Amino acid sequence: APISAARESLETPNDSPPGAWATMVALGWTSLLLPPSFGGLGAGPIDAICIAEELGRFLNGSPMLATGLIAPWAARILEIEELLGLLAAGDTIVGIALEESGHGDPVDRIKTYATGRGDTFRLTGTKLLVIDGHRCDTLLVAARTRDGVQSFVVQPDDAHIAFTPTLDLTRKCATVVFDGTPARTVGPRGDHTGCWRNINDFAALLLAAELVGVAEAANALALEYAQHREVFDKLLSKFQVTRHKAVDLLRGVELAKVGVYAAAHTMRSHALMPGAPAEANTTTSAVAMAKSYAAEAANHSGAECIQIHGGMGYTWECDAHLFLRRAKVNDIMFGAQSWQRARIADEFFAGL
(Lines give C-alpha, C1' and ligand atoms only; values in the text may rest on other atoms or scores of the structure.)
Protein backbone atom coordinates (compact mmCIF):
# COMPACT_ATOMS: atom_id res chain seq x y z
CA ALA A 1 0.00 0.00 0.00
CA PRO A 2 2.44 2.69 -1.16
CA ILE A 3 1.64 6.40 -1.48
CA SER A 4 0.38 5.68 -5.00
CA ALA A 5 -2.42 3.63 -3.42
CA ALA A 6 -3.32 6.58 -1.22
CA ARG A 7 -3.53 8.70 -4.36
CA GLU A 8 -5.89 6.15 -5.90
CA SER A 9 -8.26 6.77 -3.01
CA LEU A 10 -8.45 10.42 -4.05
CA GLU A 11 -10.31 9.23 -7.14
CA THR A 12 -12.84 7.29 -5.06
CA PRO A 13 -14.56 10.01 -3.00
CA ASN A 14 -16.34 7.73 -0.53
CA ASP A 15 -14.20 4.61 -0.57
CA SER A 16 -10.63 3.36 -0.63
CA PRO A 17 -8.94 0.61 -2.67
CA PRO A 18 -9.91 -2.76 -1.10
CA GLY A 19 -6.67 -4.63 -1.73
CA ALA A 20 -4.70 -3.45 1.32
CA TRP A 21 -7.53 -4.17 3.78
CA ALA A 22 -7.98 -7.73 2.47
CA THR A 23 -4.25 -8.31 2.84
CA MET A 24 -4.22 -6.95 6.39
CA VAL A 25 -7.03 -9.33 7.36
CA ALA A 26 -5.24 -12.26 5.70
CA LEU A 27 -2.04 -11.41 7.60
CA GLY A 28 -3.95 -11.52 10.88
CA TRP A 29 -3.39 -7.87 11.80
CA THR A 30 -7.02 -7.49 12.81
CA SER A 31 -6.57 -10.17 15.49
CA LEU A 32 -3.66 -8.36 17.12
CA LEU A 33 -5.64 -6.98 20.09
CA LEU A 34 -8.21 -9.76 20.32
CA PRO A 35 -7.93 -12.13 23.31
CA PRO A 36 -6.52 -15.62 22.64
CA SER A 37 -9.90 -17.15 23.48
CA PHE A 38 -11.22 -15.53 20.29
CA GLY A 39 -8.26 -16.58 18.17
CA GLY A 40 -6.36 -13.33 18.74
CA LEU A 41 -2.81 -12.58 19.78
CA GLY A 42 -3.75 -10.76 23.00
CA ALA A 43 -1.22 -8.02 22.20
CA GLY A 44 -1.26 -4.47 23.58
CA PRO A 45 -0.67 -0.79 22.77
CA ILE A 46 3.05 -1.08 21.97
CA ASP A 47 2.28 -3.62 19.26
CA ALA A 48 -0.65 -1.57 17.94
CA ILE A 49 1.31 1.65 17.50
CA CYS A 50 3.82 -0.14 15.27
CA ILE A 51 1.00 -0.70 12.77
CA ALA A 52 -0.50 2.75 13.31
CA GLU A 53 2.84 4.40 12.58
CA GLU A 54 3.00 2.68 9.20
CA LEU A 55 -0.61 3.61 8.42
CA GLY A 56 0.42 7.23 8.83
CA ARG A 57 3.68 6.88 6.93
CA PHE A 58 1.84 5.66 3.82
CA LEU A 59 -1.41 7.62 4.40
CA ASN A 60 -3.38 4.40 4.42
CA GLY A 61 -7.14 4.90 4.47
CA SER A 62 -8.25 1.30 5.05
CA PRO A 63 -10.54 0.28 7.96
CA MET A 64 -7.47 -0.90 9.89
CA LEU A 65 -7.40 2.03 12.31
CA ALA A 66 -11.04 1.99 13.43
CA THR A 67 -11.99 -1.65 12.86
CA GLY A 68 -8.66 -3.41 13.26
CA LEU A 69 -7.34 -1.50 16.28
CA ILE A 70 -9.82 0.82 18.03
CA ALA A 71 -12.85 -1.50 17.81
CA PRO A 72 -11.12 -4.55 19.38
CA TRP A 73 -9.82 -2.38 22.22
CA ALA A 74 -13.29 -0.90 22.78
CA ALA A 75 -14.92 -4.32 22.65
CA ARG A 76 -12.54 -5.61 25.33
CA ILE A 77 -12.96 -2.56 27.55
CA LEU A 78 -16.76 -2.77 27.26
CA GLU A 79 -16.80 -6.59 27.45
CA ILE A 80 -18.79 -6.98 24.20
CA GLU A 81 -18.12 -10.61 23.36
CA GLU A 82 -20.42 -10.65 20.34
CA LEU A 83 -18.40 -7.86 18.74
CA LEU A 84 -15.15 -9.65 19.52
CA GLY A 85 -16.50 -12.64 17.64
CA LEU A 86 -17.37 -10.55 14.58
CA LEU A 87 -13.97 -8.87 14.58
CA ALA A 88 -12.21 -12.23 14.89
CA ALA A 89 -13.80 -13.31 11.61
CA GLY A 90 -12.32 -10.26 9.89
CA ASP A 91 -15.36 -9.73 7.69
CA THR A 92 -17.00 -6.80 9.48
CA ILE A 93 -16.35 -3.06 9.61
CA VAL A 94 -17.13 -1.14 12.79
CA GLY A 95 -17.76 2.59 13.06
CA ILE A 96 -16.81 4.17 16.41
CA ALA A 97 -19.35 6.97 16.97
CA LEU A 98 -17.94 9.17 19.73
CA GLU A 99 -17.01 12.59 18.29
CA GLU A 100 -19.57 15.43 18.36
CA SER A 101 -19.49 19.16 17.70
CA GLY A 102 -17.74 21.51 20.10
CA HIS A 103 -14.30 21.57 21.64
CA GLY A 104 -12.53 20.12 24.64
CA ASP A 105 -13.03 16.66 26.12
CA PRO A 106 -14.68 14.34 23.52
CA VAL A 107 -16.47 12.41 26.27
CA ASP A 108 -17.69 15.47 28.18
CA ARG A 109 -19.19 16.99 25.03
CA ILE A 110 -21.41 14.00 24.23
CA LYS A 111 -24.91 15.38 23.66
CA THR A 112 -26.49 12.41 21.89
CA TYR A 113 -29.04 10.99 24.32
CA ALA A 114 -30.86 7.70 24.67
CA THR A 115 -34.32 7.03 26.05
CA GLY A 116 -35.84 3.66 26.83
CA ARG A 117 -35.60 0.79 29.26
CA GLY A 118 -34.13 -2.68 29.47
CA ASP A 119 -31.91 -3.40 26.49
CA THR A 120 -33.92 -1.38 23.98
CA PHE A 121 -33.39 2.35 23.56
CA ARG A 122 -33.81 5.08 20.97
CA LEU A 123 -31.02 7.54 20.17
CA THR A 124 -31.25 11.19 19.19
CA GLY A 125 -28.25 13.29 18.20
CA THR A 126 -25.44 13.72 15.67
CA LYS A 127 -22.01 12.11 15.53
CA LEU A 128 -19.21 13.61 13.46
CA LEU A 129 -15.97 12.26 11.98
CA VAL A 130 -17.08 8.63 12.26
CA ILE A 131 -14.24 6.82 10.50
CA ASP A 132 -15.66 4.41 7.88
CA GLY A 133 -19.15 5.24 9.15
CA HIS A 134 -20.63 5.29 5.63
CA ARG A 135 -19.42 1.74 4.89
CA CYS A 136 -19.60 0.06 8.29
CA ASP A 137 -21.60 -3.02 9.25
CA THR A 138 -22.01 -2.01 12.90
CA LEU A 139 -22.00 1.29 14.79
CA LEU A 140 -20.68 1.40 18.35
CA VAL A 141 -22.14 4.53 19.90
CA ALA A 142 -21.54 6.49 23.12
CA ALA A 143 -24.67 8.32 24.30
CA ARG A 144 -26.08 9.83 27.48
CA THR A 145 -28.86 8.35 29.60
CA ARG A 146 -30.21 9.17 33.05
CA ASP A 147 -27.47 6.94 34.46
CA GLY A 148 -24.60 8.66 32.62
CA VAL A 149 -22.77 7.69 29.45
CA GLN A 150 -23.78 4.30 28.08
CA SER A 151 -22.73 2.20 25.08
CA PHE A 152 -25.02 1.10 22.26
CA VAL A 153 -24.89 -0.98 19.11
CA VAL A 154 -26.81 0.43 16.15
CA GLN A 155 -27.47 -1.08 12.73
CA PRO A 156 -26.33 1.38 10.02
CA ASP A 157 -29.58 0.97 8.07
CA ASP A 158 -31.49 2.42 11.04
CA ALA A 159 -29.49 5.68 11.12
CA HIS A 160 -29.06 8.56 8.68
CA ILE A 161 -25.46 8.25 7.47
CA ALA A 162 -23.77 10.55 4.99
CA PHE A 163 -20.22 10.42 3.69
CA THR A 164 -18.55 13.69 4.73
CA PRO A 165 -15.35 14.83 2.98
CA THR A 166 -12.66 16.21 5.29
CA LEU A 167 -9.39 18.00 4.67
CA ASP A 168 -7.73 14.56 4.68
CA LEU A 169 -8.87 13.05 1.37
CA THR A 170 -7.15 9.72 2.05
CA ARG A 171 -9.28 8.79 5.09
CA LYS A 172 -13.03 8.48 4.71
CA CYS A 173 -15.39 9.71 7.43
CA ALA A 174 -19.13 10.12 7.81
CA THR A 175 -21.72 12.12 9.71
CA VAL A 176 -24.28 9.97 11.50
CA VAL A 177 -27.64 11.40 12.55
CA PHE A 178 -29.86 9.58 15.04
CA ASP A 179 -33.53 10.56 15.11
CA GLY A 180 -35.33 8.14 17.39
CA THR A 181 -33.00 5.43 16.08
CA PRO A 182 -33.43 2.01 17.70
CA ALA A 183 -30.35 0.88 19.63
CA ARG A 184 -29.34 -1.95 21.93
CA THR A 185 -27.33 -1.44 25.10
CA VAL A 186 -24.02 -3.29 25.51
CA GLY A 187 -21.30 -3.40 28.10
CA PRO A 188 -21.17 -3.73 31.89
CA ARG A 189 -23.67 -2.18 34.29
CA GLY A 190 -23.16 1.37 35.45
CA ASP A 191 -21.74 4.54 33.96
CA HIS A 192 -19.39 3.95 31.02
CA THR A 193 -17.70 7.36 31.18
CA GLY A 194 -14.43 5.83 32.41
CA CYS A 195 -14.55 3.18 29.70
CA TRP A 196 -14.99 5.75 26.94
CA ARG A 197 -12.19 7.92 28.34
CA ASN A 198 -9.98 4.85 28.13
CA ILE A 199 -11.13 4.16 24.55
CA ASN A 200 -10.62 7.79 23.57
CA ASP A 201 -7.09 7.81 25.02
CA PHE A 202 -6.23 4.63 23.13
CA ALA A 203 -7.57 6.10 19.88
CA ALA A 204 -5.60 9.31 20.53
CA LEU A 205 -2.46 7.23 21.09
CA LEU A 206 -2.95 5.48 17.74
CA LEU A 207 -3.43 8.81 15.99
CA ALA A 208 -0.26 10.08 17.67
CA ALA A 209 1.60 7.06 16.31
CA GLU A 210 0.18 7.79 12.87
CA LEU A 211 1.39 11.38 13.23
CA VAL A 212 4.93 10.10 13.88
CA GLY A 213 4.76 8.17 10.61
CA VAL A 214 3.39 11.23 8.82
CA ALA A 215 6.16 13.44 10.20
CA GLU A 216 8.90 10.98 9.25
CA ALA A 217 7.55 10.53 5.72
CA ALA A 218 7.15 14.27 5.13
CA ASN A 219 10.66 14.81 6.48
CA ALA A 220 12.10 12.13 4.17
CA LEU A 221 10.28 13.58 1.16
CA ALA A 222 11.61 17.07 1.87
CA LEU A 223 15.20 15.96 2.41
CA GLU A 224 15.22 13.74 -0.67
CA TYR A 225 14.12 16.71 -2.76
CA ALA A 226 16.68 19.02 -1.12
CA GLN A 227 19.51 16.61 -1.97
CA HIS A 228 18.64 16.58 -5.69
CA ARG A 229 17.39 20.10 -6.35
CA GLU A 230 20.03 22.56 -7.53
CA VAL A 231 19.66 26.29 -6.89
CA PHE A 232 22.29 28.66 -8.33
CA ASP A 233 24.49 25.67 -9.19
CA LYS A 234 24.35 24.45 -5.61
CA LEU A 235 22.34 21.64 -4.02
CA LEU A 236 19.49 22.95 -1.88
CA SER A 237 20.69 20.72 0.95
CA LYS A 238 23.95 22.68 1.11
CA PHE A 239 22.27 25.95 2.06
CA GLN A 240 22.47 26.73 5.77
CA VAL A 241 18.77 27.56 6.10
CA THR A 242 17.83 24.15 4.67
CA ARG A 243 20.23 22.38 7.00
CA HIS A 244 18.74 24.21 10.00
CA LYS A 245 15.27 23.14 8.89
CA ALA A 246 16.45 19.53 8.57
CA VAL A 247 17.76 19.52 12.14
CA ASP A 248 14.56 21.04 13.51
CA LEU A 249 12.46 18.46 11.66
CA LEU A 250 14.58 15.59 12.98
CA ARG A 251 14.30 16.89 16.54
CA GLY A 252 10.51 17.05 16.27
CA VAL A 253 10.21 13.54 14.85
CA GLU A 254 12.51 11.92 17.42
CA LEU A 255 10.88 13.58 20.44
CA ALA A 256 7.41 12.74 19.15
CA LYS A 257 8.42 9.10 18.75
CA VAL A 258 9.81 8.96 22.29
CA GLY A 259 6.56 10.42 23.64
CA VAL A 260 4.36 7.99 21.74
CA TYR A 261 6.28 4.89 22.80
CA ALA A 262 6.44 6.10 26.40
CA ALA A 263 2.66 6.60 26.40
CA ALA A 264 2.12 3.14 24.92
CA HIS A 265 4.28 1.60 27.63
CA THR A 266 2.32 3.47 30.31
CA MET A 267 -1.01 2.43 28.84
CA ARG A 268 0.13 -1.20 28.70
CA SER A 269 0.66 -1.24 32.46
CA HIS A 270 -2.88 0.05 33.02
CA ALA A 271 -4.55 -1.60 30.05
CA LEU A 272 -7.91 -3.26 29.83
CA MET A 273 -9.33 -2.37 33.22
CA PRO A 274 -13.11 -2.24 32.56
CA GLY A 275 -14.64 0.89 33.99
CA ALA A 276 -11.40 2.31 35.38
CA PRO A 277 -11.42 6.09 34.92
CA ALA A 278 -8.44 7.42 32.98
CA GLU A 279 -7.76 9.98 35.70
CA ALA A 280 -6.95 7.16 38.11
CA ASN A 281 -3.60 6.48 36.48
CA THR A 282 -0.80 8.20 34.61
CA THR A 283 -2.05 7.18 31.17
CA THR A 284 -3.95 10.44 30.71
CA SER A 285 -0.90 12.68 30.96
CA ALA A 286 1.30 10.40 28.88
CA VAL A 287 -1.23 10.19 26.05
CA ALA A 288 -1.93 13.93 26.19
CA MET A 289 1.78 14.71 25.89
CA ALA A 290 2.24 12.22 23.05
CA LYS A 291 -0.78 13.39 21.04
CA SER A 292 -0.07 17.10 21.44
CA TYR A 293 3.62 16.89 20.61
CA ALA A 294 3.18 14.43 17.73
CA ALA A 295 0.52 16.71 16.24
CA GLU A 296 2.84 19.69 16.49
CA ALA A 297 5.71 17.74 14.91
CA ALA A 298 3.60 16.38 12.04
CA ASN A 299 2.03 19.75 11.23
CA HIS A 300 5.47 21.35 11.26
CA SER A 301 6.98 18.62 9.06
CA GLY A 302 4.14 18.85 6.56
CA ALA A 303 4.37 22.63 6.32
CA GLU A 304 8.16 22.63 6.05
CA CYS A 305 8.02 19.89 3.42
CA ILE A 306 5.91 22.23 1.27
CA GLN A 307 8.27 25.13 2.02
CA ILE A 308 11.42 23.20 1.06
CA HIS A 309 9.80 22.14 -2.23
CA GLY A 310 9.10 25.79 -3.00
CA GLY A 311 6.45 26.48 -5.63
CA MET A 312 6.31 22.79 -6.57
CA GLY A 313 5.23 22.00 -3.01
CA TYR A 314 1.90 23.74 -3.62
CA THR A 315 0.99 21.59 -6.61
CA TRP A 316 -1.46 18.71 -6.57
CA GLU A 317 1.16 16.36 -8.03
CA CYS A 318 3.51 16.78 -5.05
CA ASP A 319 2.67 14.51 -2.10
CA ALA A 320 3.57 17.17 0.48
CA HIS A 321 0.00 18.46 0.84
CA LEU A 322 -1.31 14.93 1.50
CA PHE A 323 0.89 14.60 4.60
CA LEU A 324 -0.18 18.00 5.90
CA ARG A 325 -3.84 17.10 5.35
CA ARG A 326 -3.51 13.89 7.42
CA ALA A 327 -1.66 15.80 10.15
CA LYS A 328 -4.34 18.49 10.40
CA VAL A 329 -7.27 16.08 10.69
CA ASN A 330 -5.50 13.68 13.07
CA ASP A 331 -4.71 16.67 15.25
CA ILE A 332 -8.38 17.42 15.95
CA MET A 333 -9.73 13.87 16.23
CA PHE A 334 -10.17 12.21 19.65
CA GLY A 335 -9.01 15.33 21.46
CA ALA A 336 -7.39 18.27 19.73
CA GLN A 337 -3.87 19.41 20.54
CA SER A 338 -5.19 22.43 22.46
CA TRP A 339 -7.28 20.28 24.81
CA GLN A 340 -4.48 17.76 25.28
CA ARG A 341 -2.16 20.56 26.42
CA ALA A 342 -4.86 22.02 28.66
CA ARG A 343 -5.32 18.80 30.60
CA ILE A 344 -1.56 18.46 31.06
CA ALA A 345 -1.53 21.98 32.48
CA ASP A 346 -4.52 21.25 34.73
CA GLU A 347 -2.80 18.20 36.20
CA PHE A 348 0.48 20.07 36.66
CA PHE A 349 -1.04 23.02 38.52
CA ALA A 350 -3.30 20.74 40.56
CA GLY A 351 -0.17 19.10 41.97
CA LEU A 352 1.48 22.35 43.09
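Overview of values
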item	result
Antiparallel content of DSSP bridges confined to the chain, in %, to 5	85
With every protein chain in place, the chain: carbon and sulfur % of accessible area (1.4 Å)	57
Cubic angstrom per residue, convex hull over Cα atoms of segment 170-270	152
For the chain: relative contact order, % (alpha-carbon pairs under 8 angstrom, 6 or more apart)	18
Exposed-loop-free span, longest in the chain, where trypsin sites (Lys or Arg not before Pro) count as exposed if DSSP calls them loop and at most 16 other C-beta atoms lie within 10 Å	230-352
Of the GluC sites (Glu not before Pro) in segment 281-328, those whose Cβ has at most 12 other Cβ within 10 Å and which sit in DSSP loop	E317
Principal axis dimensions, the chain - Cα atoms, whole angstrom, descending	76, 52, 38
Square roots of five times the Cα gyration tensor eigenvalues for segment 29-176, Å	24, 20, 14
Average projected area [Cα convex hull, segment 1-67], square nanometres	4.5
Segment 60-105: translational diffusion in µm²/s, Stokes-Einstein, Kirkwood Rh over Cα pairs, 20 °C, 1.002 mPa s	185
Under the Debye formula (equal points on every Cα, no solvent term), log10 I(q)/I(0) of segment 38-89 at q = 0.16, 0.18, 0.25 Å⁻¹	-0.48, -0.59, -1.01
Global geometry of segment 144-185, whether rounded, prolate or oblate, following the gyration tensor of its Cα atoms and the 1.5 cut on a/c	prolate
Rg to Rh quotient for segment 109-167, alpha carbon positions, Kirkwood Rh	0.97
Entries of K257/K328; K238/K291; K172/K291; K172/K257; K291/K328 with Cα pairs more than 24 Å apart	K238/K291; K172/K257
Cross-link reach list, lysines versus K234, counting only Cα pairs under 25 Å and skipping chain neighbours closer than eight places	K245
Distant alpha-carbon pairs in segment 90-197 (separation over 21 angstrom), percent	30
Residue-by-residue Karplus 3J(HN,Hα) for segment 239-245, coefficients 6.51, -1.76, 1.60, Hz, glycine and proline x	7, 4, 5, 5, 5, 5, 4
For L129, distant residues with modelled amide H under 5 Å away	A174
Under 5 Å, built H, 5+ apart or other chain: amide partners of A336	G104
Under-5 Å amide H pairs with G95, H placed in peptide plane, nonlocal only	D137, T138, L139, L140
Surface accessible to a 1.4 Å probe, per residue, for the residues of the chain, Å²	43
Between segment 42-64 and segment 81-95, the Cα center-to-center distance that results, in Å	18
Restricting segment 1-103 to GluC sites (Glu not before Pro) in coil, as DSSP defines it, with at most 13 other Cβ within 10 Å	E11
Residue-averaged 222 nm ellipticity for the chain, from DSSP H runs of 4+ at -39500 (n - 2.57), nearest 500	-15500 deg cm²/dmol
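The values are calculated or read from the model by the stated rules, or taken from the named source; none is laboratory data. Because the structure is predicted, anything quoted here is derived from the model rather than measured. Using ideal geometry, Cβ is built from the backbone for each residue, glycine included, and neighbour counts are taken over all protein chains shown. We work out accessible area using only protein heavy atoms, side chains counted, and drop any ligands, DNA or RNA first. Shrake-Rupley method; radii C 1.70, N 1.55, O 1.52, S 1.80 Å.
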